[in-house]
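Below is one structure, written out as structure tokens, with a few remarks after it.
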Amino acid sequence: MLLDFMNGHDGVKPVVFVDYLQIVKPSDKRLPKREAVDDTVQRFKKFSAEADIPIFIISSLNRQNYLSVVDFESFKESGGIEYCADVVWGLQLRCMNASIFNTDKDLQTKRKFIHKHKNATPRQMELCGLKSRYGRSNTRYFFDYFAEYDLFLPYEAKEPEKTKPEDFAEEVDAEIQQEYETFKEKLPFEKSVNGNKKPKKSS
């Protein structure tokens, strides 16, 4: 269909967005689910090269990684994304950079902190550059997302001379960590010595 479109428009080369990655019928019907996803990604890569067009593929994340910083392991059912894609980006809440997400403990507090940020206006978002075959990797870009208007606006640093995300990443992380510390102090429960939770003592 896409080739027909290109041929019918004097060979125009469109930018293709796939929203979102679905499993198409694998070339080998015996492939299990994960390999079927890999097969799909590889076919997109091959078509992109043959047609000489960019293809953006949106993928959901693995549910096991909902409470973790976005990384290659976050992508659903497939290592083929990391292997085939020239560029890999991950979108997450900026709150994922709080220190609590560096540990496997206290899932309840993590969920509460994430829930708070999901319901904020604007939502504080971060776009992470996980891979760039021909450029820089491990890049970070910060946005404020207004869900009502489906609008992303770039985060503005507090210090005017800082114009690039890498210049104010520490500032953003410090803000998130301070917010988490305040949030933690306001929780209605604290952990006892044996790991159970009990109400805070009133003063």
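Observations
- Projecting the Cα atoms of Val69, Tyr83, Ala49 onto the charge dipole of segment 45-94, computed from C-beta unit charges around the Cα centre, puts Val69 farthest toward the positive end.
- Under the simplified labelling scheme, the Asp167-Arg136 pair shows an inter-label distance of 1.2 nm, with each label point 7 Å from Cα along Cα→Cβ.
- Neighbourhood charge, 15 Å Cβ-Cβ cut-off, centred on Met6 and excluding it, Lys, Arg +1 and Asp, Glu -1: -3
- In the context of the full protein assembly, Lys112 retains an accessible surface of approximately 80 Å², using a probe radius of 1.4 Å and ignoring ligands and nucleic acids.
- FRET efficiency, Arg63 to Glu175 (Cβ-Cβ, R0 25 Å, nearest 0.05): 0.30
- Net lengthening on full extension, Phe146/Val87 (0.36 nm per residue, minus Cα-Cα): 18.6 nm
The values are calculated or read from the model by the stated rules, or taken from the named source; none is laboratory data. The shown structure was predicted, so the numbers you read here are calculated from the model rather than taken from an experiment. Heads up, the Cβs are rebuilt from the backbone with ideal geometry, glycines too, and the neighbour counts pull from every protein chain shown. All accessible areas refer to the heavy atoms of the entire protein, side chains included, with ligands and DNA or RNA removed. Shrake-Rupley method; radii C 1.70, N 1.55, O 1.52, S 1.80 Å.
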